[in-house]
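Throughout, read-outs are computed from the coordinates displayed, never taken from laboratory work. Worth saying up front: this structure is predicted, and the values here are computed from it rather than measured. Don't worry about glycine lacking a Cβ; one is built from the backbone with ideal geometry, like all the others, and counts go over all protein chains shown.
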């Protein structure tokens, strides 16, 4: 990891603070509340690849220390849901969006937003796949949950349909008490506000600790 004396960016500083809290002598202390093991690491969406490099290094370090880690790509889970649909469903979405876009691009976008709600903001959507992956992770490491950690990323690929706050509502109490770090492409506003991709209106009801 980077020596704290030679920090070059706010992102590196935030990751250093996250690492310090993960390796706290009494166990990870990334959460602001008891029995709510979530934390958020915001980053400039333009630094997506830099963020991935830093997280990869941190994961390699933790693995070398005996941690059990799970990285969940929300983009991959979303694509898994779409490809599992019956033949013709996605083609119908695409066809409808193209026809509406030809009349008014905003109508096409609004149509897709409405169609994606069930995949992204409903309990049987992407949240259910996240819970399934976490349950499988716990089963694979029945004796190794004391030093376990989950990273959740690639949310930017779901812009403009996605909000982490909607996902968190369905994950609360379903993560096996494993700390979860949400990699958030966007900006912090105030103490608890976050604006997804720096574009959507700020969502100010986040409870997890925010590292920035």
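Highest first, please rank the peptides 61-70, 147-156 by the mean number of other Cβ atoms sitting within 10 Å of their residues.
Working: 61-70: 13.8, 147-156: 20.3.
Packing order, densest peptide first, comes out as 147-156, 61-70.
Extension gain residue 63-residue 147, at 0.36 nm per residue separation less the Cα-Cα distance, in nm? Spell out each step's value before the answer.
Details: separation 84, 0.36 × 84 = 30.24 nm, distance 0.98 nm.
Extra length available between residue 63 and residue 147 comes to 29.3 nm.
If the chain between residue 73 and residue 117 were fully stretched, how many nm would it gain, using 0.36 nm times the residue separation less the Cα-Cα distance? Please report the intermediate quantities before stating the final value.
On the way: separation 44, 0.36 × 44 = 15.84 nm, distance 1.84 nm.
Gain on stretching residue 73 to residue 117: 14.0 nm.
Could you order the peptides 72-78, 136-142, 180-186 from most to least packed, using the average number of other C-beta atoms within 10 Å per residue? Show your work: numbers first, answer last.
Values: 72-78: 18.6, 136-142: 12.9, 180-186: 24.3.
The packing order, highest mean first, is 180-186, 72-78, 136-142.
Going by average Cβ density within 10 Å per residue, which order do the peptides 37-44, 101-108 take, highest to lowest?
Values: 37-44: 22.4, 101-108: 11.9.
Result, highest mean Cβ count within 10 Å first: 37-44, 101-108.
Once the Cβ-Cβ distance between residue 133 and residue 103 is put in as r, and R0 is 35 Å, what FRET efficiency do you end up with, to the nearest 0.05? Don't skip to the answer; put the middle values down first.
Details: r = 40 Å, r/R0 = 1.13.
The calculated FRET efficiency here is 0.30.
Taking 0.36 nm per residue of sequence separation and subtracting the Cα-Cα distance, how much length would be gained by fully extending the chain between residue 159 and residue 36, in nm to one decimal? Show your work: numbers first, answer last.
Numbers: separation 123, 0.36 × 123 = 44.28 nm, distance 2.59 nm.
Length gained between residue 159 and residue 36: 41.7 nm.
I'm spelling it out carefully: the read-out is percent of Cα pairs over 30 Å apart, the candidates are (i) 37; (ii) 29; (iii) 25, and one was derived from this structure. Which label?
(iii)
Suppose each label sits 7 Å from its Cα in the direction of the beta carbon; what would the residue 49-residue 10 distance come out to in nanometres?
2.2 nm
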